[in-house]
Amino acid sequence: MKKNKIRILILSFCCAVSLFSCNIEKNNTESISPGASKSNLLIGWASVNITPNENVLLHGQFHARISEGVKDSVTATILAIESGSGAYSEKAILISCDLGIISNDLYEAVRKQVTTSLPELFPNHIIINATHTHTAPQYILPKKYPFDSTSTSEIKSAVGLDLDVMAFSKCLAFISGQIAKATVKAWKNRKPGGISYGLGHAVLGHNRLEVDFSGKSKLYGTTNRAGFSHIEGFEDHSVNLIYTWDTKSKLTGIVINVASPSQVSEGENQVSADYWHDTRVELGKRLGKDVYILPQCSAAGDQSPHFMVGAKAEERMQRLMGFDSLQTGRGSMGRRRQLALDISNAVTDVLPYMKYNVKWNPVFIHQQKTVELSRRLIGKKDVDDALAESKSWEDKYQQMLHNIEENPDIKQKPRWYEGITRAYQKMRRGHTVKERYDLQKIQPQMPVEVHVIRIGDMVIATNPFELYLDYGIRIKARSPSVQTFLIQLAGGGTYVPTSRSIAGGAYGAMPASTLIGPEGGQELVERTLEMINEVWEK
């Protein structure tokens with residue numbers, strides 16, 4: 001009898017242990033999202049502060065601007081994706097930076113440092129884009145021209161004066177080093193995960209070119225006048241979104257792609273990420289600070305977040321809604337706050353549908369090619385006009401320089417350097433037209449790096465330009481993918497204007513502003529679509 005009781009107790013204990021183990025296994029299984037166990041994607045994130053701790057020149061205006069503190073830090077955010085394993089796996093690293101542009105020097109420095117640390121990666125796995133803020137550190141090494149060839153100062157060669165700011169080479173080394181270290185971290189952070197994509201809308205960018213009845217267009221021209229005819233081009237208010245998830249369906253990061261540069265605070269003298277800072281703060285409150293935000297600027301060479309029509313009504317509503325009761329106009333924090341809320345609303349409106357549409361093992365293809373684009377042909381008259389204008393600015397620069405040397409007290413005035421540095425920059429600008437005129441004779445085509453990434457039914461395509469919206473719309477309209485993400489300024493490019501913009505003669509369509517014209521712009525459209533179709537057929 002005793003033995004039977006012992007046997008019963010042992011059996012009961014074993015059953016209890018077995019049941020307990022089953023429950024644990026069941027609970028663990030339920031914590032893993034359905035389909036996640038088959039995930040073939042590895043996803044890693046990282047971000048880093050790329051704000052120098054010294055005064056810098058700010059990028060984005062003709063006149064020099066010495067930083068007067070930091071309004072908010074500029075950031076680099078990195079998303080590393082790998083599909084498959086071993087030597088034949090597909091890899092892509094998307095890096096977004098709160099910078100004005102991405103120079104070839106920065107690209108080369110980051111790629112070299114990353115591939116040295118991670119031999120399994122190749123340079124063409126790495127894509128870097130700028131959000132195109134105009135309040136980011138200037139780090140681009142200036143090209144010397146005859147009038148400054150003897151200067152040993154990077155700063156003086158760039159702006160015509162020796163100003164007490166961080167050298168460009170030192171700034172480049174700092175920023176590239178920070179980005180490279182964070183990229184290595186993102187790669188090492190890779191874990192199995194999934195991706196979903198969606199589409200929202202927010203009114204962010206507006207075409208910034210005003211046209212009069214004669215057909216002449218002007219950047220930020222006055223619309224409140226009898227001669228105003230129309231706004232030159234189209235606008236794109238789509239918010240293209242990629243969400244990444246871990247195997248427990250926890251949101252890990254979001255790629256936000258919009259057709260607007262981050263230029264609300266573009267004329268200020270403090271380092272700032274512009275409205276992307278406000279967006280990160282807002283989404284951090286809603287989704288948690290551990291969710292990464294990677295911003296991308298779509299084709300938006302003729303777009304900006306400034307209002308061309310109805311600005312007074314918009315500013316009034318910002319005040320009524322409590323966004324900002326003190327500041328109005330272009331530098332308004334209220335406008336930044338409004339854009340951050342609009343973007344965040346688009347993100348969170350789409351989010352509930354994304355969790356149930358995660359792809360754990362999508363088709364993943366990354367293709368990179370160097371395509372040849374026809375340069376915009378510059379005529380002899382263009383060169384003569386540019387050099388004549390350059391000579392006019394040179395005379396102004398020399399006169400201002402003489403005045404400063406004769407009256408050194410001028411340097412005691414706030415921002416005393418703005419006028420003379422504007423004159424110097426415009427003097428240099430004319431020489432770039434002559435340089436391009438000479439180059440087109442021996443190199444009529446320009447090699448350009450283009451990336452196309454397919455993830456399931458969506459595709460990402462890059463270009464290095466400030467690409468006018470029309471070209472982006474052509475690619476999106478003809479793309480076979482369900483959703484097409486375009487990333488501009490993924491390299492050191494200039495404006496690519498349309499034919500109508502060149503006819504209008506606005507700033508972004510002038511010879512000094514462009515390397516590629518409408519012919520090369522359409523070639524970019526066709527080559528990009530060819531690459532998209534290639535990955536779609538695989």
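The values are calculated or read from the model by the stated rules, or taken from the named source; none is laboratory data. Small disclaimer: the values here were computed from a predicted structure and weren't measured. Every residue, glycine among them, receives a Cβ derived from its backbone with ideal geometry; neighbour counts consider all protein chains shown. For accessibility, only protein heavy atoms count, side chains too; no ligands or nucleic acids. Shrake-Rupley method; radii C 1.70, N 1.55, O 1.52, S 1.80 Å.
Points to keep in mind about this one:
- Checked against the criterion of being out of contact with any Ser or Thr (no Cβ under 6 Å at 6 or more places or on another chain), farther than 20 Å from Thr370 by Cβ, buried (at least 19 other Cβ atoms within 10 Å of the Cβ) and among the small types (Gly, Ala, Ser), the candidates Gly521, Gly508, Gly504 yield just one match: Gly508.
- Considered as a group, the residues in the stretch 265-309 that are open to solvent by less than 10 Å² (accessible area, probe 1.4 Å), assigned to a loop (DSSP other than H, G, I, E, B) and out of contact with any strand residue (DSSP E or B) (no Cβ under 9 Å at 6 or more places or on another chain) include one that is farthest from Leu209 (Cα to Cα), and that residue is Asp274.
- Filter result for Ala64 (among the aliphatic types (A, V, I, L, M), closer than 30 Å to Pro414 by Cβ and touching a helix residue (DSSP H, G or I) at 6+ places or on another chain (Cβ under 9 Å)): yes
- Inter-residue pairs, beta-carbon under 7 Å, first more than 22 Å from Asn207 (Cα to Cα) and in the stretch 259-283, second modelled with pLDDT under 95 and open to solvent by less than 10 Å² (accessible area, probe 1.4 Å), 6+ apart: Ser272/Ser265; Asp278/Arg336
- Entry remark, the stretch 94-124: residues being within 23 Å of Thr244 (Cα to Cα), part of a loop (DSSP other than H, G, I, E, B) and under 20 Å from the mean Cα position of the chain (by Cα) number 1 in total.
- Residue match in the stretch 401-422 (condition: within 30 Å of Phe465 (Cα to Cα), within 36 Å of the chain's Cα centre (by Cα) and open to solvent by 50 Å² or more (accessible area, probe 1.4 Å)): yes
- The set of residues from the stretch 464-494 being of a type in the set (S, T, N, Q), over 26 Å from Thr432 (Cα atoms) and part of a loop (DSSP other than H, G, I, E, B) comprises Ser479, Ser481.
- Qualifying residue in the stretch 363-381 (condition: of a type in the set (Phe, Trp, Tyr), out of contact with any Ser or Thr (no Cβ under 7 Å at 6 or more places or on another chain) and at pLDDT 95 or above): no
Listed here are the residues, each with its yes/no results for (1) in a loop (DSSP other than H, G, I, E, B); (2) surrounded by fewer than 22 Cβ atoms within 10 Å (Cβ to Cβ).
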residue: Ile128; (1), (2): no, no
residue: Pro142; (1), (2): yes, yes
residue: Ala158; (1), (2): no, no
residue: Leu172; (1), (2): no, yes
residue: Ala182; (1), (2): no, no
residue: Trp187; (1), (2): no, no
residue: Ser214; (1), (2): yes, yes
